[in-house]
Amino acid sequence: MGRYDRGIVDVRSRNNVVESGVAGRKPMVFAHGFGCDQHMWRHVVPAFEDRFRTVVFDHVGFGRSDLAAFDPERHGSLQGYADDLIEVCAEIGPQPAVFVGHSVSAMIGVRAALTAPEVFDRLVLIGPSPRYIDDDGYVGGFSEADIDDLLASLDDNYLGWSSAMAPVIMGTPDRPELGEELTNSFCATDPAMARSFARVTFLSDSRADLPRVAVPTLVVQCREDAIAAPAVGAYVHDHIPDSEMVVLDATGHCPNLSAPAETIAAIAAFVPDPA
Amino acid sequence: MPAADGRAPLPAEDLATLYDEAPCAYLTTWMDGTIARVNRRLLEWTGWSEADLVGRRTFPDLLRVGGRIFYETHYAPLLQMQEEVSDVAFDLEVVGGGFHPVVASSCVAPAQGDVPAHVRTTLVDATGRHAYERELLAARRAAEASEARERETAIVLQRSLLAGWLEEGPGFAVETRYRPAIEGLEVGGDWYDSFLLADGETLSASVGDVVGRGLTAAAAMGQLRSAYRALASVGAGPSRVLDHLDDFVARVPDAWMATVAAIELEPATGHLRYACAGHLPPLLLGPDGAPSYLWAGRSAPLAALPRTEPRPVGEAQLERGGRVIVFTDGLVERQGRDIDAGLEALAVAASRLHALPAAELVDRLVEELLADEQTRDDVCLLALTRT
């Protein structure tokens, strides 16, 4: 019942895929992390537009993705987001692409690279963490109680979302300027989806994926990061065979916003010029 | 000198007093979050001394861990992207235990000369608001849970109205499809059913259509389908079943003028008996896909006319590999198009697709025939194959 109502999935609108740069060139795909949307890349992407096909998108549930495409089962694990990412790459072609992932999307990219090895030939992981929760000798930086506290924090910012954000984000995909006018809109989303993504992100364990990564990988780490500490970045570097690590003289979890020049330099030095 | 309204003049307040004695907490941080200046209110709320904070701690250091993560993943990026953030709820940790709920807003002061960019933040006490909002949220969650339970109950009840049909048996297989007119409902006024008669050898199949849409039609449909099942099971045959249904419908106003296609098949011999009360004719497909509509056995919708004669019955032969497709008008009827054109379209499509497995055949038929649908009606289809 209802099975005839569902059309063919339009990946571009599902994930609000936005392309720029040189058509037909090697794609460089930027994936935003937990919290905000593709605007996280706005200082970084322009530096690569002269020689790459640059692609940004929103994970389902964020930014101007199609909220109706949120499937609690599919999007209940990093694999679901990785499958979305693989579909985005198939849509833009040609493959393989360079992947640049921030925060939890670093591990979404790793998962995608293991699921569909033809999709990426280089991975850039910014502020990656394969597991946020401490575990028997492994220091991720958080306890499970901390994650419950985060969910409570998301709840506390729930009401503001429902009254002010919902009509704008849900109802007017054809009038994006309405969204721009609202403060906080880059990082606002449906509370249920935010909770789900928070759980998926902070309860995930991708440590077993790391040794299986078969493409050259760059870890970009801030010298201080309360979400993914330098020791966590070093762990990722140690466990991905063909990897290197750059430690930026920047603090915080979002060097793509706070230190774009250093972030760009690190990526540019790692990724061969496709021209 | 007194002011014009007779009040005593305000004493002079220097900026430091305004800053420290404000009813909200102020803090100024560098772009990396390191605290550069705080007011007395903040020290009062948190229990820190100025020396503990300035140059030594960051704003997120003052927050409970959940807020710290939220700060790094939402607040700081927003500040970078739009240079201001407003109305974000945080809990300040209090030295020695406990916490103090606040609502934070920040704006970026751009770099000027030697002074690098920094952030001005105001924290407003939210103790009362916090408790109230948690209550609102709890109430909302309770309402959502209650709605989910009701929805589940409704779904179970609705599905029960179409439950219990027989998919296959010796010599036959049945495939059905259903699409309610009202989005969000599981059923409408249409039904399908299939079951073995009391003799254990004859298959009874029916498709019916109660006038109207939505739950009222669905409730009447449920009654009619059950009545049909009870009447047909004993082996009264299509004609008498429909006659008895006339009497039944006379007492169920919502089911008045319902249409029914009643079919009985002996799978062993392929002998088919059928009667249509106001219903569109079933489509017979030979094993080679040759289509023909079963136009005999026609009579008026249920309880439409006073009856003196028994309803007529048609007979046909269903070869092995042949099919009978029984459907409701939602599949073929379109505004501004002759019903014969719809029937022709169905016959052509069914004939072209006849060799497909039954499940695929009915999927394709629904897909193709509803492609030009304009107004949404209940759609129901039953395909009976003699195997």
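The values are calculated or read from the model by the stated rules, or taken from the named source; none is laboratory data. This structure is a prediction, so every number in the text was calculated from the model and none was measured. Positions of Cβ are generated from backbone atoms using ideal geometry, with glycine treated the same way; all protein chains shown enter the neighbour counts. Note: accessible area is taken over every heavy atom of the protein model, side chains too, but ligands, DNA and RNA are not part of it. Shrake-Rupley method; radii C 1.70, N 1.55, O 1.52, S 1.80 Å.
Structural remarks
- Of the candidates A:PRO130, A:PRO27, the single residue that is over 13 Å from the mean Cα position of the chain (by Cα), within 18 Å of A:PHE197 (Cα to Cα) and modelled with pLDDT of 95 or more is A:PRO130.
- Residue in segment B:85-94 that is open to solvent by 20 Å² or more (accessible area, probe 1.4 Å) and within 9 Å of another protein chain (Cβ to nearest Cβ) present: yes
- Criterion applied to B:ARG334, B:ARG364 was being within 31 Å of the chain's Cα centre (by Cα), within 14 Å of B:GLU175 (Cα to Cα) and among the charged types (D, E, K, R), and the one residue passing it is B:ARG364.
- Applying the condition of being surrounded by 11 or more Cβ atoms within 10 Å (Cβ to Cβ) and of a type outside the set (Val, Ile, Thr) to segment B:95-106 and asking which residue is farthest from the other protein chains (Cβ to nearest Cβ) yields B:HIS100.
- Some residue of segment B:34-43 being surrounded by fewer than 22 Cβ atoms within 10 Å (Cβ to Cβ), within 14 Å of another protein chain (Cβ to nearest Cβ) and modelled with pLDDT of 90 or more: yes
- Candidates B:ALA341, B:ALA359, B:ALA347 - the one that is part of a helix (DSSP H, G or I) and open to solvent by less than 20 Å² (accessible area, probe 1.4 Å): B:ALA347
- Positions within segment A:190-212 being outside any helix (DSSP H, G or I) and within 18 Å of A:GLY140 (Cα to Cα), in sequence order: A:LEU203, A:SER204, A:ASP205, A:SER206
- Which numbered condition B:SER49 misses (of (1) in contact with a strand residue (DSSP E or B) (Cβ under 8 Å, 6 or more places away or on another chain); (2) open to solvent by 10 Å² or more (accessible area, probe 1.4 Å); (3) hydroxyl-bearing (Ser, Thr, Tyr)): (1)
- Hey, B:GLN82 facing another protein chain (nearest Cβ under 10 Å) and either open to solvent by less than 50 Å² (accessible area, probe 1.4 Å) or more than 41 Å from the chain's Cα centre (by Cα) (or both) or not: yes
- If you go through segment B:64-110 and keep only what is closer than 18 Å to B:HIS130 by Cα and in contact (Cβ under 8 Å) with a residue 40 or more places away in the chain, you end up with B:ALA89, B:LEU92, B:GLU93, B:VAL94, B:HIS100, B:VAL102.
- B:VAL252 being within 32 Å of the chain's Cα centre (by Cα) and at pLDDT 95 or above: no
- Close pairs (9 angstrom Cβ cut-off, 6 or more residues apart or separate chains): in contact (Cβ under 8 Å) with a residue 60 or more places away in the chain and within 11 Å of chain A (Cβ to nearest Cβ) in segment B:356-376, open to solvent by 40 Å² or more (accessible area, probe 1.4 Å) and among the aromatic types (Phe, Trp, Tyr) anywhere: B:ASP363/A:TYR4; B:VAL366/A:TYR4; B:LEU370/A:TYR4
- Considering A:ASP205, A:ASP190, A:ASP209, the condition of being over 25 Å from B:GLN80 (Cα atoms), surrounded by 17 or more Cβ atoms within 10 Å (Cβ to Cβ) and at pLDDT 50 or above is satisfied by A:ASP209 alone.
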